[in-house]
Structures are given as structure tokens and as C-alpha cells.
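Worksheet: one structure, shown below.
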Amino acid sequence: MKYKLLYMKPSYGCKGQSVYRVELTNNGDIHISLHSLAPRTICRKNENIQGKLDELFRRKQYMVQQGIRMSQLDQQYFDIRVLVQKESYGLLN
């Protein structure tokens, strides 16, 4: 894997549902979790990760987003998000 942490999200809006966290651990295992940090599936170094992902996604289209380590303030995770959209003429608003 190019990145140690990825998020895999449905290509079409699901309001935060079905977002998978895929993490490459230091020992080479890949942890796949859904809605928590506890892994739902663990792929060992030699296992076929593509087969595991195919089982989970069942031919639905997902997009892949590079994960970032979350910042903490007073022991609480937080993030800051920015939404940028193009108007009908292709210009950014």
C-alpha cells in the first residue's frame, strides 16, 4: 500500500454510512474496520487483500481517500472541513 491509512467510502452519498478504515500495521497486517477503530477484518501479510475487499463491497463502487492522523484537543478528536463547489459555469464559489 502506498499509504498506511485509507478510507474507502461509497461513491454515491450514504451520509457517512459504510465508510471503511483500512490501515497497514507495522507488522504488515492490514486491518479493515467499519464505524470503529477495532478491526472487523484482519488480512495477514500473505493474504489476498483484493479478495477480502471484494467480499466486503459486493460490487458497489467505492472511492479511496488517503487517511490522516486526527488532531486532539483536550483528549477529543476533531477535524476541520472545507466544502468547495463549482457553479454551473465551472467556476469555484
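Annotation note: Cβ proximity below 7 Å between a residue of segment 21-39 that is under 14 Å from LEU53 (Cβ atoms) and a residue that is modelled with pLDDT under 85 and among the hydroxyl-bearing types (Ser, Thr, Tyr) (sequence gap 6+ or interchain) occurs for ILE32/THR41. Return yes when LYS52 is of a type in the set (Lys, Arg) and either assigned to a loop (DSSP other than H, G, I, E, B) or touching a residue at least 24 places away in the same chain (Cβ under 8 Å) (or both) and no when it is not. So LYS52 fails the test.
Look at segment 1-20: where a residue is over 19 Å from HIS35 (Cβ atoms) and a partner is crowded, with 16+ Cβ neighbours inside 10 Å and at pLDDT 85 or above, sitting 6+ places away or on another chain with Cβ atoms under 7 Å, you get MET1/LEU24; LYS4/GLU23; LYS4/LEU24.
In summary, ILE68 fulfils each of the numbered conditions (1) of a type outside the set (D, E, K, R); (2) in contact with a strand residue (DSSP E or B) (Cβ under 9 Å, 6 or more places away or on another chain); (3) free of Cβ contacts under 8 Å to residues at least 12 places away in the same chain with the single exception of condition (3).
Filtering segment 48-66 to residues that are within 13 Å of LEU24 (Cα to Cα) and at pLDDT below 80 leaves only ILE49.
Selection over segment 34-46 of residues that are within 14 Å of GLN17 (Cβ to Cβ) and of a type in the set (Gly, Ala, Ser) gives a count of 1. Looking at this structure, is SER11 among the hydroxyl-bearing types (Ser, Thr, Tyr) and under 14 Å from the mean Cα position of the chain (by Cα)? Spelling it out, SER11 is indeed among the hydroxyl-bearing types (Ser, Thr, Tyr) and under 14 Å from the mean Cα position of the chain (by Cα). Of all residues in segment 29-43, exactly one satisfies the criterion of being part of a loop (DSSP other than H, G, I, E, B), within 17 Å of MET1 (Cβ to Cβ) and modelled with pLDDT under 80, namely PRO39. When the residues of segment 47-93 are filtered to those that are of a type in the set (A, V, I, L, M) and surrounded by 10 or more Cβ atoms within 10 Å (Cβ to Cβ), the one that is nearest to SER18 (Cα to Cα) is LEU56. Residues in segment 26-46 that are surrounded by 13 or more Cβ atoms within 10 Å (Cβ to Cβ) and charged (D, E, K, R): ASP29, ARG40.
The values are calculated or read from the model by the stated rules, or taken from the named source; none is laboratory data. Because the structure is a prediction, the values reported are computed rather than measured. A quick note on method: Cβ atoms are made from the backbone with ideal geometry, for glycine too, and the neighbour counts reach across all protein chains shown.
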